[in-house]
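Inspection log for the structure reproduced underneath, given as structure tokens.
The values are calculated or read from the model by the stated rules, or taken from the named source; none is laboratory data. In this text, all values refer to a predicted model and were calculated from it rather than measured experimentally. Quick reminder, even Gly has a Cβ in these numbers, built from the backbone with ideal geometry, and neighbours come from all protein chains shown. These accessible areas exclude ligands, DNA and RNA; they are computed on the full protein's heavy atoms, side chains included. Shrake-Rupley method; radii C 1.70, N 1.55, O 1.52, S 1.80 Å.
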Amino acid sequence: MADNLTPSQQAKRRAEDMRATEYRKMFIENEGLKDQVYEDTKGNRTIGIGFNLEDKNNQKVLADIGLDLQEVLGGKKLERNDIIRLYNHSLRQAFSDAQKFDPGFARRPEPVKKSIVDMAFNLGLTKLNKFEKMKAALGQNDYSRAADEMVDSNWYKQVKSRGPRTVALMRSVAK
């Protein structure tokens, strides 16, 4: 039905597709992509693009799309479509958490949004909410200070190469 779209609507769809591709590339680089269960850095059984199988809500999502947790834990390989469905769920949750964390999220430059969404994807809202000084810096649009607060955290030390990449996104718009 793309033929029924106006040129403006087609351009908007292309921009959304490019944005979605950028996010997926970022998360594959940061989380990896595996079709079988593996242990993440904290020992959580994980699959796909950082989909934590220990999380009870995620276990429900797995069942909702017709996957049996025990089969997956037993070594069943996921099809690409299932990996994308789990990823899309995680991405929607990360965007929701990012918006709850930062009331000004919608107005942020795209690199800042990506940085916050990446942290939300990795940490979840409960842990992200502990970044109170970062949140205060965002409230003042002080992206340099927000980046400093990211660096001054246990998260930064734990996530290895992900930390510098995510901080670089935040710093890329600092004045």
The relative contact order of the range 97-175, taking Cα pairs under 8 Å that sit 6 or more residues apart, comes to a percentage of 34
Contact order relative to length for the range 1-104, counting C-alpha pairs under 8 Å separated by 6 or more residues, stands in percent at 20
To the nearest 20 debye, the chain has a Cα-centred charge dipole, built from +1 on Lys and Arg Cβ and -1 on Asp and Glu Cβ, of 480
Sequence order, the range 127-134: Karplus ³J(HN,Hα) from phi using 6.51 cos²θ - 1.76 cosθ + 1.60, θ = phi - 60°, Hz rounded, Gly and Pro as x, gives 6, 4, 5, 6, 7, 5, 5, 5
The answer for the range 1-95, accessible area per residue at 1.4 Å probe in Å², is 65
From most to least accessible, 1.4 Å probe, no ligand or DNA/RNA atoms counted, 6, 166, 126 line up as 126, 6, 166
Taking 87-97, 153-163 and ranking on average Cβ neighbours within 10 Å, highest first, one gets 87-97, 153-163
Mean Cβ-within-10 Å packing, highest first, puts peptides 23-35, 67-79 in the order 23-35, 67-79
Connecting every pair of Cα atoms under 10 Å apart in the chain and solving the GNM, the largest mean-square fluctuation among 120, 137, 11 falls on 11
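Can you compute the charge dipole magnitude of the range 79-175 about its Cα centre, using +1 on each Lys and Arg Cβ and -1 on each Asp and Glu Cβ, nothing else charged? Give it in debye, rounded to the nearest 20.
The calculated dipole for the range 79-175 is roughly 100 debye.
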Relative contact order in percent for the chain (Cα pairs under 8 Å, 6+ apart) equals 14
Of the convex hull drawn through the C-alpha atoms of the range 92-175, the volume per residue in Å³ is 76
A correct Kirkwood calculation over the Cα atoms of the range 1-144 returns a hydrodynamic radius in Å of 16.7
Per the charge dipole of the chain (beta-carbon charges, Lys/Arg positive, Asp/Glu negative, Cα centre), the residue among 119, 41, 51 reaching farthest to the positive end is 119
Taking protein heavy atoms only, a 1.4 Å probe, and rounding to whole percent, the accessible area of the range 1-99 owed to carbon and sulfur comes out at 46
